[in-house]
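Student: Pasting a structure here, questions to come.
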Amino acid sequence: MSLFKNILYFQAGLGVLANTILLFFYTFIMLGHRPKPTDLIFCQLTFIHIMMFLSGGDICLTDIFEILNLENDFKCKTIFYISRVMRGLSLCTTCLLSVVQAITISPSTSLLAKFKHRLKTYLTYALFCIWSFNLFYSSNRIFYVGDFTNVSETNQMKVTKSCSLFPKNYIIRGLILAVSVSRDFFLVGVMLTTSTYMVILLFRHHRQCKHLHSISHLRASPEKRATQTILLLVVCFVVIYWVDFIISSSSVLLWAYDPVVLTVQKFVMYAYPTTTPLVQISSDKRIITMLKNMHSKCHGSFLNMFFSFL
(Lines give C-alpha, C1' and ligand atoms only; values in the text may rest on other atoms or scores of the structure.)
Protein backbone atom coordinates (compact mmCIF):
# COMPACT_ATOMS: atom_id res chain seq x y z
CA MET A 1 0.00 0.00 0.00
CA SER A 2 2.86 2.39 0.77
CA LEU A 3 4.28 1.69 -2.72
CA PHE A 4 0.96 2.79 -4.29
CA LYS A 5 1.02 5.94 -2.16
CA ASN A 6 4.56 6.79 -3.26
CA ILE A 7 3.62 6.26 -6.92
CA LEU A 8 0.59 8.50 -6.39
CA TYR A 9 2.70 11.27 -4.83
CA PHE A 10 5.26 11.04 -7.65
CA GLN A 11 2.49 11.20 -10.25
CA ALA A 12 0.93 14.22 -8.54
CA GLY A 13 4.28 16.00 -8.23
CA LEU A 14 5.07 15.43 -11.91
CA GLY A 15 1.59 16.58 -12.92
CA VAL A 16 1.71 19.77 -10.84
CA LEU A 17 5.18 20.66 -12.15
CA ALA A 18 4.27 20.09 -15.82
CA ASN A 19 0.95 21.92 -15.54
CA THR A 20 2.60 24.85 -13.73
CA ILE A 21 5.10 25.23 -16.59
CA LEU A 22 2.22 25.19 -19.07
CA LEU A 23 0.21 27.69 -17.04
CA PHE A 24 3.12 30.17 -17.06
CA PHE A 25 3.56 29.66 -20.80
CA TYR A 26 -0.11 30.18 -21.70
CA THR A 27 -0.34 33.18 -19.35
CA PHE A 28 2.63 34.69 -21.18
CA ILE A 29 0.97 33.96 -24.54
CA MET A 30 -2.34 35.47 -23.40
CA LEU A 31 -0.69 38.69 -22.18
CA GLY A 32 2.03 39.30 -24.75
CA HIS A 33 0.95 37.74 -28.03
CA ARG A 34 -2.08 37.08 -30.20
CA PRO A 35 -3.47 33.90 -28.64
CA LYS A 36 -5.33 31.27 -30.58
CA PRO A 37 -8.79 30.20 -29.32
CA THR A 38 -7.34 26.89 -28.15
CA ASP A 39 -4.70 28.71 -26.07
CA LEU A 40 -7.41 30.13 -23.81
CA ILE A 41 -8.90 26.66 -23.35
CA PHE A 42 -5.53 25.07 -22.64
CA CYS A 43 -4.75 27.82 -20.12
CA GLN A 44 -7.95 27.05 -18.24
CA LEU A 45 -7.40 23.31 -18.54
CA THR A 46 -3.95 23.52 -16.94
CA PHE A 47 -5.37 25.54 -14.03
CA ILE A 48 -8.16 22.96 -13.59
CA HIS A 49 -5.66 20.11 -13.56
CA ILE A 50 -3.49 21.82 -10.94
CA MET A 51 -6.56 22.23 -8.73
CA MET A 52 -7.46 18.56 -9.32
CA PHE A 53 -4.11 17.52 -7.90
CA LEU A 54 -4.30 19.92 -4.96
CA SER A 55 -7.82 18.80 -4.06
CA GLY A 56 -7.01 15.11 -4.37
CA GLY A 57 -7.58 14.62 -0.65
CA ASP A 58 -4.11 13.78 0.65
CA ILE A 59 -1.72 16.23 -0.98
CA CYS A 60 -1.82 19.99 -0.36
CA LEU A 61 -5.19 21.49 0.58
CA THR A 62 -5.58 19.00 3.41
CA ASP A 63 -2.28 20.11 4.94
CA ILE A 64 -3.24 23.78 4.54
CA PHE A 65 -6.57 23.22 6.32
CA GLU A 66 -4.79 21.38 9.14
CA ILE A 67 -2.37 24.28 9.57
CA LEU A 68 -5.32 26.71 9.72
CA ASN A 69 -6.93 24.44 12.34
CA LEU A 70 -10.28 24.31 10.53
CA GLU A 71 -13.02 21.84 11.40
CA ASN A 72 -12.74 18.48 9.68
CA ASP A 73 -16.33 18.64 8.42
CA PHE A 74 -15.69 21.97 6.66
CA LYS A 75 -12.43 20.60 5.28
CA CYS A 76 -14.14 17.50 3.86
CA LYS A 77 -16.96 19.46 2.25
CA THR A 78 -14.61 22.03 0.71
CA ILE A 79 -12.10 19.54 -0.70
CA PHE A 80 -14.81 17.21 -2.02
CA TYR A 81 -16.71 20.11 -3.61
CA ILE A 82 -13.60 21.50 -5.34
CA SER A 83 -12.65 18.01 -6.52
CA ARG A 84 -16.08 17.36 -8.09
CA VAL A 85 -16.21 20.83 -9.67
CA MET A 86 -12.77 20.37 -11.23
CA ARG A 87 -13.64 16.90 -12.51
CA GLY A 88 -16.72 18.28 -14.24
CA LEU A 89 -14.78 21.25 -15.61
CA SER A 90 -12.10 18.94 -17.00
CA LEU A 91 -14.74 16.94 -18.85
CA CYS A 92 -16.56 20.02 -20.21
CA THR A 93 -13.36 21.86 -21.15
CA THR A 94 -11.91 18.87 -23.01
CA CYS A 95 -15.18 18.57 -24.92
CA LEU A 96 -15.08 22.30 -25.73
CA LEU A 97 -11.48 21.94 -26.89
CA SER A 98 -12.40 19.26 -29.42
CA VAL A 99 -15.37 21.33 -30.70
CA VAL A 100 -13.27 24.50 -31.11
CA GLN A 101 -10.53 22.63 -32.96
CA ALA A 102 -13.12 21.02 -35.26
CA ILE A 103 -14.46 24.51 -36.06
CA THR A 104 -10.93 25.88 -36.58
CA ILE A 105 -9.91 23.32 -39.21
CA SER A 106 -13.32 23.04 -40.90
CA PRO A 107 -13.35 24.09 -44.59
CA SER A 108 -15.15 27.24 -45.71
CA THR A 109 -17.95 25.17 -47.25
CA SER A 110 -18.74 23.47 -43.94
CA LEU A 111 -21.65 24.42 -41.69
CA LEU A 112 -19.17 24.98 -38.86
CA ALA A 113 -17.33 27.66 -40.84
CA LYS A 114 -19.91 30.31 -39.94
CA PHE A 115 -18.75 30.12 -36.29
CA LYS A 116 -15.12 30.96 -37.12
CA HIS A 117 -15.54 34.73 -37.31
CA ARG A 118 -17.01 35.09 -33.81
CA LEU A 119 -15.32 32.08 -32.27
CA LYS A 120 -13.67 34.03 -29.42
CA THR A 121 -17.01 35.61 -28.45
CA TYR A 122 -18.78 32.26 -28.44
CA LEU A 123 -15.86 30.78 -26.52
CA THR A 124 -16.22 33.37 -23.74
CA TYR A 125 -19.93 32.59 -23.37
CA ALA A 126 -19.24 28.85 -23.42
CA LEU A 127 -16.61 29.08 -20.67
CA PHE A 128 -18.91 31.20 -18.52
CA CYS A 129 -21.74 28.66 -18.91
CA ILE A 130 -19.42 25.75 -18.16
CA TRP A 131 -18.15 27.29 -14.93
CA SER A 132 -21.63 28.37 -13.83
CA PHE A 133 -23.16 24.96 -14.47
CA ASN A 134 -20.44 22.98 -12.68
CA LEU A 135 -20.29 25.31 -9.68
CA PHE A 136 -24.05 25.05 -9.26
CA TYR A 137 -24.47 21.36 -10.09
CA SER A 138 -21.74 20.12 -7.74
CA SER A 139 -23.11 22.13 -4.81
CA ASN A 140 -25.55 19.31 -3.95
CA ARG A 141 -22.58 17.10 -3.00
CA ILE A 142 -21.84 19.34 0.00
CA PHE A 143 -24.87 17.93 1.84
CA TYR A 144 -23.79 14.31 1.43
CA VAL A 145 -20.15 14.43 2.53
CA GLY A 146 -18.61 15.22 5.89
CA ASP A 147 -16.51 14.12 8.83
CA PHE A 148 -16.11 10.36 9.19
CA THR A 149 -17.66 9.02 12.41
CA ASN A 150 -18.84 5.41 12.67
CA VAL A 151 -19.65 3.31 9.61
CA SER A 152 -21.50 0.58 11.50
CA GLU A 153 -24.01 3.03 12.98
CA THR A 154 -24.65 5.50 10.15
CA ASN A 155 -23.87 3.39 7.06
CA GLN A 156 -21.38 5.96 5.82
CA MET A 157 -19.03 5.14 2.95
CA LYS A 158 -15.47 6.09 3.81
CA VAL A 159 -13.68 7.77 0.89
CA THR A 160 -10.58 9.11 2.69
CA LYS A 161 -9.04 8.57 6.12
CA SER A 162 -11.22 11.33 7.63
CA CYS A 163 -14.09 11.92 5.15
CA SER A 164 -17.09 9.85 4.16
CA LEU A 165 -20.21 9.96 2.02
CA PHE A 166 -23.59 9.91 3.77
CA PRO A 167 -26.36 7.64 2.49
CA LYS A 168 -28.91 9.35 0.25
CA ASN A 169 -32.54 8.67 -0.48
CA TYR A 170 -32.89 6.21 -3.39
CA ILE A 171 -34.88 8.73 -5.43
CA ILE A 172 -32.31 11.50 -4.90
CA ARG A 173 -29.44 9.11 -5.59
CA GLY A 174 -31.10 7.91 -8.78
CA LEU A 175 -31.84 11.47 -9.93
CA ILE A 176 -28.25 12.65 -9.33
CA LEU A 177 -26.87 9.54 -11.04
CA ALA A 178 -29.20 9.99 -14.04
CA VAL A 179 -28.22 13.64 -14.51
CA SER A 180 -24.50 12.88 -14.10
CA VAL A 181 -24.55 9.95 -16.51
CA SER A 182 -26.61 11.90 -19.07
CA ARG A 183 -24.21 14.86 -18.91
CA ASP A 184 -21.11 12.69 -19.16
CA PHE A 185 -22.46 10.51 -21.97
CA PHE A 186 -23.55 13.57 -23.95
CA LEU A 187 -20.15 15.27 -23.64
CA VAL A 188 -18.22 12.09 -24.43
CA GLY A 189 -20.50 11.59 -27.44
CA VAL A 190 -19.75 15.13 -28.65
CA MET A 191 -16.02 14.48 -28.23
CA LEU A 192 -16.18 11.26 -30.22
CA THR A 193 -18.27 12.93 -32.94
CA THR A 194 -15.94 15.90 -33.36
CA SER A 195 -12.91 13.61 -33.22
CA THR A 196 -14.34 11.46 -36.01
CA TYR A 197 -15.02 14.63 -38.02
CA MET A 198 -11.43 15.83 -37.56
CA VAL A 199 -10.03 12.44 -38.55
CA ILE A 200 -12.08 12.56 -41.77
CA LEU A 201 -10.81 16.09 -42.51
CA LEU A 202 -7.20 15.06 -41.89
CA PHE A 203 -7.61 12.01 -44.12
CA ARG A 204 -9.05 14.16 -46.95
CA HIS A 205 -6.29 16.73 -46.54
CA HIS A 206 -3.69 13.97 -46.61
CA ARG A 207 -5.10 12.60 -49.87
CA GLN A 208 -5.16 16.05 -51.48
CA CYS A 209 -1.57 16.78 -50.47
CA LYS A 210 -0.47 13.36 -51.65
CA HIS A 211 -2.15 13.99 -54.97
CA LEU A 212 -0.34 17.33 -55.27
CA HIS A 213 3.01 15.76 -54.20
CA SER A 214 3.23 17.96 -51.12
CA ILE A 215 3.73 15.52 -48.30
CA SER A 216 6.44 17.68 -46.71
CA HIS A 217 3.99 20.57 -46.41
CA LEU A 218 1.44 18.28 -44.76
CA ARG A 219 3.91 17.13 -42.16
CA ALA A 220 4.88 20.69 -41.33
CA SER A 221 1.31 21.91 -40.98
CA PRO A 222 0.76 23.40 -37.49
CA GLU A 223 -2.99 22.78 -37.85
CA LYS A 224 -2.34 19.10 -38.36
CA ARG A 225 -0.01 18.89 -35.35
CA ALA A 226 -2.53 20.71 -33.15
CA THR A 227 -5.38 18.49 -34.36
CA GLN A 228 -3.37 15.31 -33.77
CA THR A 229 -2.50 16.50 -30.27
CA ILE A 230 -6.13 17.21 -29.42
CA LEU A 231 -7.24 13.87 -30.90
CA LEU A 232 -4.68 12.09 -28.74
CA LEU A 233 -5.87 13.96 -25.64
CA VAL A 234 -9.53 13.18 -26.40
CA VAL A 235 -8.84 9.46 -26.88
CA CYS A 236 -6.78 9.41 -23.68
CA PHE A 237 -9.54 11.20 -21.78
CA VAL A 238 -12.31 8.89 -23.02
CA VAL A 239 -10.38 5.74 -22.06
CA ILE A 240 -9.50 7.10 -18.61
CA TYR A 241 -13.06 8.35 -18.12
CA TRP A 242 -14.57 4.91 -18.71
CA VAL A 243 -12.17 3.24 -16.28
CA ASP A 244 -12.95 5.88 -13.64
CA PHE A 245 -16.69 5.59 -14.36
CA ILE A 246 -16.67 1.81 -13.89
CA ILE A 247 -14.76 2.06 -10.58
CA SER A 248 -16.98 4.89 -9.25
CA SER A 249 -20.26 3.30 -10.31
CA SER A 250 -19.42 -0.09 -8.86
CA SER A 251 -18.32 1.48 -5.57
CA VAL A 252 -21.49 3.57 -5.28
CA LEU A 253 -23.77 0.66 -6.19
CA LEU A 254 -22.03 -1.64 -3.69
CA TRP A 255 -21.72 1.28 -1.23
CA ALA A 256 -18.17 0.26 -0.35
CA TYR A 257 -14.75 1.73 -1.08
CA ASP A 258 -11.76 -0.54 -0.62
CA PRO A 259 -8.56 1.46 0.20
CA VAL A 260 -6.69 -0.22 -2.66
CA VAL A 261 -9.55 0.51 -5.09
CA LEU A 262 -9.62 4.13 -3.92
CA THR A 263 -5.86 4.47 -4.54
CA VAL A 264 -6.20 2.90 -8.00
CA GLN A 265 -9.05 5.29 -8.81
CA LYS A 266 -6.92 8.28 -7.79
CA PHE A 267 -4.11 6.99 -10.00
CA VAL A 268 -6.54 6.72 -12.92
CA MET A 269 -8.03 10.14 -12.16
CA TYR A 270 -4.55 11.72 -12.13
CA ALA A 271 -3.50 9.99 -15.37
CA TYR A 272 -5.20 12.50 -17.70
CA PRO A 273 -3.98 15.73 -15.99
CA THR A 274 -0.48 14.21 -15.90
CA THR A 275 -0.49 13.08 -19.54
CA THR A 276 -2.01 16.27 -20.99
CA PRO A 277 0.86 18.73 -20.23
CA LEU A 278 3.52 16.20 -21.29
CA VAL A 279 1.77 15.71 -24.65
CA GLN A 280 1.38 19.47 -25.12
CA ILE A 281 4.99 20.27 -24.21
CA SER A 282 6.31 17.64 -26.61
CA SER A 283 4.03 18.66 -29.51
CA ASP A 284 3.81 22.47 -29.31
CA LYS A 285 6.89 24.01 -30.96
CA ARG A 286 6.26 27.33 -29.21
CA ILE A 287 6.74 25.68 -25.82
CA ILE A 288 9.84 23.81 -26.98
CA THR A 289 11.33 27.03 -28.38
CA MET A 290 10.60 28.91 -25.14
CA LEU A 291 12.20 26.17 -23.02
CA LYS A 292 15.28 26.13 -25.28
CA ASN A 293 15.62 29.91 -25.02
CA MET A 294 15.30 29.77 -21.24
CA HIS A 295 17.88 27.00 -21.09
CA SER A 296 20.35 28.90 -23.30
CA LYS A 297 19.90 32.10 -21.27
CA CYS A 298 20.35 30.30 -17.95
CA HIS A 299 23.35 28.41 -19.32
CA GLY A 300 24.88 31.62 -20.69
CA SER A 301 24.39 33.51 -17.42
CA PHE A 302 25.87 30.60 -15.49
CA LEU A 303 28.96 30.59 -17.71
CA ASN A 304 29.35 34.36 -17.33
CA MET A 305 29.18 34.04 -13.55
CA PHE A 306 31.65 31.16 -13.62
CA PHE A 307 34.25 33.01 -15.71
CA SER A 308 33.81 36.20 -13.68
CA PHE A 309 35.07 34.36 -10.60
CA LEU A 310 38.18 33.10 -12.43
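Student: From the list I200, I171, which one is modelled with pLDDT of 85 or more, farther than 20 Å from G88 by Cα, among the β-branched types (V, I, T) and exposed (fewer than 13 other Cβ atoms within 10 Å of the Cβ)?
Tutor: Numbers: I171 fails: modelled with pLDDT of 85 or more.
Of I200, I171, the one residue that is modelled with pLDDT of 85 or more, farther than 20 Å from G88 by Cα, among the β-branched types (V, I, T) and exposed (fewer than 13 other Cβ atoms within 10 Å of the Cβ) is I200.
Student: Quick one: in segment 76-116, of everything that is of a type in the set (S, T, N, Q) and in contact (Cβ under 8 Å) with a residue 40 or more places away in the chain, which residue is most open to solvent (accessible area, probe 1.4 Å)? Working first, answer last.
Tutor: Quick first cut of segment 76-116, residues of a type in the set (S, T, N, Q) only: 78, 83, 90, 93-94, 98, 101, 104, 106, 108-110.
With in contact (Cβ under 8 Å) with a residue 40 or more places away in the chain added as a condition, the list becomes 90, 93-94, 98, 101, 104, 106.
Numbers: S90: 4, T93: 0, T94: 1, S98: 0, Q101: 9, T104: 61, S106: 3 Å².
Looking at the filtered set, the residue picked out is T104.
Student: Right, another one. Say whether the condition of being surrounded by 13 or more Cβ atoms within 10 Å (Cβ to Cβ), in contact with a Ser or Thr (Cβ under 7 Å, 6 or more places away or on another chain), at pLDDT below 80 and not aromatic (F, W, Y) is met by at least one residue in segment 59-74.
Tutor: Checked segment 59-74: at least one residue is surrounded by 13 or more Cβ atoms within 10 Å (Cβ to Cβ), in contact with a Ser or Thr (Cβ under 7 Å, 6 or more places away or on another chain), at pLDDT below 80 and not aromatic (F, W, Y).
Student: May I ask you to list the residues in segment 12-27 that are out of contact with any Pro (no Cβ under 8 Å at 6 or more places or on another chain), open to solvent by 20 Å² or more (accessible area, probe 1.4 Å) and in contact (Cβ under 8 Å) with a residue 40 or more places away in the chain?
Tutor: Of everything in segment 12-27, just one residue is out of contact with any Pro (no Cβ under 8 Å at 6 or more places or on another chain), open to solvent by 20 Å² or more (accessible area, probe 1.4 Å) and in contact (Cβ under 8 Å) with a residue 40 or more places away in the chain, namely L14.
Student: Then there is this: Considering only residues of segment 28-51 that are open to solvent by less than 60 Å² (accessible area, probe 1.4 Å), in a helix (DSSP H, G or I) and modelled with pLDDT under 85, which is farthest from A126 (Cα to Cα)?
Tutor: That would be G32.
Student: I've got another one for you. Search segment 265-291 for residues that are farther than 21 Å from L231 by Cβ and pair each with any residue that is small (G, A, S) and not in a helix (DSSP H, G or I) when their beta-carbon atoms are under 9 Å apart and the residues are at least 6 apart or on different chains.
Tutor: Listed by first residue and then by second, the contacts come to K266/G56; K266/G57; M269/G56; Y270/G56.
Student: Could we say that T193 is open to solvent by 40 Å² or more (accessible area, probe 1.4 Å) and either of a type in the set (S, T, Y) or modelled with pLDDT under 75 (or both) here? Walk me through how you get there before you give the answer.
Tutor: Numbers: open to solvent by 40 Å² or more (accessible area, probe 1.4 Å): yes; either of a type in the set (S, T, Y) or modelled with pLDDT under 75 (or both): yes.
It is true that T193 is open to solvent by 40 Å² or more (accessible area, probe 1.4 Å) and either of a type in the set (S, T, Y) or modelled with pLDDT under 75 (or both).
The values are calculated or read from the model by the stated rules, or taken from the named source; none is laboratory data. Treat the numbers as computed from the prediction; the structure is a model and nothing was measured. As a convention, Cβ positions derive from the backbone with ideal geometry for all residues, glycine included, and neighbour counts pool all protein chains shown. For accessibility, only protein heavy atoms count, side chains too; no ligands or nucleic acids. Shrake-Rupley method; radii C 1.70, N 1.55, O 1.52, S 1.80 Å.
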